[in-house]
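So the structure is just underneath, and the comments pick up after that.
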Amino acid sequence: MALLDQQQLRTYEEQGYLLIPGLLSRDDLAPVEQTIVKAVDRVARGLYAEGRVGELFEDQPLSRRLVELHRMHPRESMSWNREVFSEAVYDLCVQPAVLDVAELLLGSGEITMNGDYWVRPKLPQEQLTTLPWHQDSDYYGAQTEPLHILSLWIPLVDVDERNGCMQFISGSHKWGLLPNKRQGDHLVPVEDVEARGRVETLAMKAGDAVAFRNLTFHRSLMNNSDGIRWSIDLRYSVTGTPLDWLAKMGLLGFVARSRHRPESVDSWQAWRAGRHAWEKEQA
Ligand SMILES: O=C(O)CCC(=O)C(=O)O
């Protein structure tokens, strides 16, 4: 398991983020892409059945179909979790290359996939899908400040400044959790964080990954291209890390790797059963 060298591990420690080129191949991403194609089709058919859109836009590619639907019927939520809950997402979460990276960066072979993965269709010229500077712990709550929660953000298309790639502030994970305020749907820092650290803009290819921590400041830029910037982000922590804020929302995760007790690793069927049981309880 020599996927990352010592220099890369030091970079993650010092910067709070690490670009990992070529972590996954197009073939690795294809099943998730198919799941997204189906999810978009469900959106189209749902809106059509409700009479909110006049056509299904079936001839449109994945890079455009949701743009056309959104134009006729703007939707409020543009981060998908339950919408793409599937064996394909499970399989991506347990890809050996992904778990090897998680093991090296978390420093443990006992790894839980946290359940708050998100597929994000970043629509062209859409403020709704442009996330301002934040630390993920802003959203998790102050109790998560001392925890190490690892995000792996993976673009499904090539990304750069034009179509809304990610930016990071180097070393910001060492600042602690800074005070924030609400701005529309988002939480933003009270102070000007750009004045405080070096901003890096990460152009990435589909299948590259950027790993970062729950205190690392990051944001995504406006998508000024014509096509949707599709991405998926996965989150991991050492098994036993408290994740109650996720459990309350039904974003249940699963044990993805265990060096000590391999028999405790959850199958796709076990993850699905756990989530279904939670939904039944709520009904
Ligand atoms: O994908 C984006 O635009 C933002 C993602 C993000 O902020 C995150 O994964 O925490």
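Between Q143 and E87, the C-beta separation translates, for a Förster distance of 25 Å, into a calculated FRET efficiency of about 0.15. What shape does region 13-69 take by its C-alpha gyration tensor, where a ≥ b ≥ c are the square roots of the eigenvalues and a/c under 1.5 counts as rounded, a/b above b/c as prolate, and the rest as oblate? Since a/c reaches 1.5 and a/b is larger than b/c, the shape of region 13-69 is classed as prolate.
Counting 0.36 nm for each residue step from E263 to S25 and taking away their Cα separation leaves a gain of 82.8 nm. For region 145-283, the residue among A277, M166, L215 whose Cα projects farthest onto the positive side of the dipole built from Cβ charges is A277.
In summary, region 117-223 shows an alpha-carbon radius of gyration equal to 1.03 times the 2.2 N^0.38 Å reference for compact globular proteins. Distance from the C-alpha centroid of region 219-283 to that of region 1-47: 14 Å, rounded to the whole angstrom.
Projecting the Cα atoms of L234, F85, L3 onto the charge dipole of the chain, computed from C-beta unit charges around the Cα centre, puts F85 farthest toward the positive end. In a reduced charge model with +1 at each Lys and Arg Cβ and -1 at each Asp and Glu Cβ, region 212-283 shows a dipole moment near 200 debye about its Cα centre.
Placing R0 at 51 angstrom, the Cβ-Cβ distance between R272 and A195 gives a FRET efficiency of 0.65 after rounding to 0.05.
Think of it as helices only: each DSSP H run of n ≥ 4 in the chain is worth -39500 (n - 2.57), and spread over all residues that comes to -9000 deg cm²/dmol at 222 nm. What the pair-distance distribution of region 232-283 shows, using all Cα-Cα distances binned every 10 Å from zero, is 21, 52, 26, 1 percent.
Overall shape of region 199-258 was characterised from the C-alpha gyration tensor. The equivalent ellipsoid obtained from it has semi-axes of 28, 14, 13 Å, in decreasing order. Amide H contacts of A209 (H built 1.01 Å from N, in plane; Pro and chain starts excluded): I20, G22, L23 sit under 5 Å, all sequence-distant by 5 or more or on other chains. If only the Cβ of Lys and Arg carry +1 and only the Cβ of Asp and Glu carry -1, the dipole of region 125-223 around its Cα centre is close to 200 debye. Taking amide H as placed 1.01 Å from N in the peptide plane, the amide H of E126 sits under 5 Å from that of N223, each at least 5 places away or on another chain.
With the convex hull drawn around the C-alpha atoms of the chain, the volume per residue stands at 136 Å³. Note that region 261-278 has calculated 3J(HN,Hα) couplings of 10, x, 5, 8, 5, 7, 7, 4, 4, 5, 4, 4, 4, x, 5, 5, 4, 4 Hz, one per residue in order, obtained from phi through the Karplus relation 6.51 cos²θ - 1.76 cosθ + 1.60 (θ = phi - 60°); glycine and proline are x.
Relative to the compact globular guide of 2.2 N^0.38 Å, what is the alpha carbon radius of gyration of region 46-103, as a ratio?
After normalising by residue count via 2.2 N^0.38 Å, the value is 1.57.
Rounded to the nearest 20, the size of the Cβ-charge dipole of the chain about its Cα centre is 360 debye, with Lys and Arg at +1 and Asp and Glu at -1.
Anisotropy class assigned to region 155-213 is prolate, per the alpha carbon gyration tensor with a/c at or over the 1.5 cut-off and a/b larger than b/c. Across the chain, C-alpha contacts under 8 Å between residues 6 or more apart give a mean separation that, scaled by the residue count, equals a relative contact order of 29 percent.
Read the figures in this text as sums done on the coordinates, not as results from a lab. These numbers were taken from a predicted model, which means no experiment stands behind them. No Cβ is skipped: glycine too gets one built from the backbone with ideal geometry, and neighbour counts run over all protein chains shown.
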